[in-house]
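All of the numbers you see were taken from the coordinates with simple rules; none came from a lab. Fair warning: this is a prediction, and the values are worked out from it, not measured in the lab. Cβ placement follows ideal geometry from the backbone for every residue including glycine, while neighbour counts extend to all protein chains displayed.
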Amino acid sequence: MAVAHAASRFFVAHTKNKNLLLLNEWAMQAVQYAETHLQGSVEKKQSALNFLTERLNANKLGLKFDDKQLDTVIELAVTALHNGGKTND
């Protein structure tokens with residue numbers, strides 16, 4: 001029973017980690033597109049948010065993240081893009 005519980009917890013943690021990695025990857029893709037093809041920070045951010053929301057919903061992950069989390073991951077992607085891939089100095 002303990003082994004099954006530990007395996008279940010590992011699977012849940014692994015799945016959450018995979019979802020976060022996908023979120024970060026898609027946010028970076030959205031920001032890169034917006035930075036390359038659009039003008040104006042408001043338009044860029046809205047485009048990135050729309051792209052990210054569509055990707056999450058298409059993968060049945062839309063309800064896993066709230067608006068604040070999406071905003072934060074987009075801001076982190078912008079920072080990483082402007083710092084050559086680094087999110088902090």
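Things to note:
- Residues of the stretch 64-83 falling in the label zone of V42, defined by backbone nitrogen less than 19 Å from a point 7 Å along Cα to beta-carbon, are 71, 75.
- The slack in the chain from N24 to T72, taken as 0.36 nm per residue of separation less the alpha-carbon distance, amounts to 16.3 nm.
- Segments 40-49, 57-66 sorted - mean Cβ within 10 Å per residue, highest first: 40-49, 57-66
- Phi angles across the stretch 25-38 convert, under the Karplus curve 6.51 cos²θ - 1.76 cosθ + 1.60 with θ = phi - 60°, into 3J(HN,Hα) values of 5, 5, 4, 4, 4, 5, 5, 4, 4, 4, 5, 7, 10, 10 Hz, Gly and Pro given as x.
- Rough spin-label spacing in nm, given labels placed 7 Å along Cα→Cβ, for Q32 and K60: 2.8 nm
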